[in-house]
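Just so you know, all these numbers are worked out from the coordinates, no wet-lab data involved. This is a predicted model, so every value here is computed, not measured. Neighbour counts are summed over all protein chains in view; Cβ atoms, including those assigned to glycine, are modelled from backbone coordinates with ideal geometry.
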Amino acid sequence: MTGNYDRMVILRIAKQYYLDGLSQQEISEGENIHRTQISRILKQAREEGYIQIRIALPESAVSSSMDTVLKERLELDEVIVSPPLSAGEDQSESFTFFAARRIEEILRYSRNVGIGLGKTLYEVSSQIAAQRGDEGPNFFSIVGSCGTDNPYLQASILLQNFARPFSGKCRYNNLPILTSRKRMTSLEKQRLEKLQEAYGSLDTVILSVGGLLNLDYPYLEEFSLFGKEVDTSRFLSRPHGNLLGHVFFDNGEILKLPGDIINTGMDLEQLKTVPRVICLARGERKADAIISAARQGYIKTLITDQATAELLLQKL
């Protein structure tokens, strides 16, 4: 029994109301239960998870040949293109809403999830609705933080934003993206080693890819903190992208860090072994980096918007 009613009664009334389209009055007459009680039963059904509402676009509104063509040309497992849903030119809200719904679906089947950094991830995570379930996935920071004033670049914030709706457990990376190994305490080294070992258990990773860096990008400030000189002109002038704090080039080369500085996040070679790597990325400045990341096997699923998809097809 649940409350004063058998579970089968609750399920039967929920079906009649939500699937069969009967009014509460019609259900009341058919079940011989007072109408006010029908309302209470439906409320109880929603609160206890008998009713699970899913908001999604009709399949006809999201199907697109671009998905298939991009999937083939980028050799990805899946490409999801969000359709233009807003009346104006700015489709950022449409993309964020659409991507959040997709992430909700994907994470229902995940157990150990790695989370990256970036504005796109931050905005999508803020749109994820609370999910019902006894136990959510385990969430891991797979990249350190950068700076102190930008919430998009704080690993702990991003991790909690994704874990909270799923009631998931968090494993934090409390180190900056780049740090000096010599300056790390023995405890920090032990924690980082265990965290990086745990990356081997990930079945899903959600990240974004960064486009061309510039001298104002916070990431480059990390080098100066340790008094190291980096020939920024050497790589800023070459085609490159930024993934989990790693600068990667089209030829497969990874930017070598100076001295004893290390990247505290997930290694890109290990990233290739994760079954589901979902990249949320949109915008003209990210197009080349998306193509490069896909071709090098760093990402397996791409969620983007229609304008970016069209640009990718032009470049390909």
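Since only Ser186, Ile142, Leu76 are under comparison, the one whose Cα sits farthest along the positive direction of the charge dipole of the chain, derived from C-beta charges on Lys, Arg, Asp and Glu, is Ser186.
Against the compact-protein benchmark of 2.2 N^0.38 Å, the Cα-based radius of gyration of the chain scales to 1.19. As a rough footprinting exposure proxy, the listed residues Asp267, Asp305 were ranked by other beta carbons within 10 Å of their own, and the order from fewest upward is Asp267, Asp305.
Footprinting exposure proxy ranking of Ser92, Ser65, fewest other C-beta atoms within 10 angstrom first, gives Ser65, Ser92.
Comparing Ile262, Ile80, Ile27 in a Gaussian network model of the chain (Cα springs below 10 Å), the most mobile by mean-square fluctuation is Ile27. The calculated 222 nm mean residue ellipticity attributable to helices in the chain amounts to -11500 deg cm²/dmol, summing -39500 (n - 2.57) over DSSP H runs of n ≥ 4 and dividing by all residues.
Residues Glu104, Glu31, Glu197 in ascending order of nearby Cβ atoms (within 10 Å, fewest first): Glu197, Glu31, Glu104.
With both residues required to sit in the chain, DSSP beta bridges show an antiparallel share near 30%. Among the listed pairs Lys182/Lys272; Lys169/Lys194; Lys119/Lys169, those whose Cα-Cα separation exceeds 27 Å are Lys182/Lys272. Placing +1 on the Cβ of every Lys and Arg and -1 on the Cβ of every Asp and Glu, with no other charges, gives the chain a dipole of roughly 740 debye about its Cα centre.
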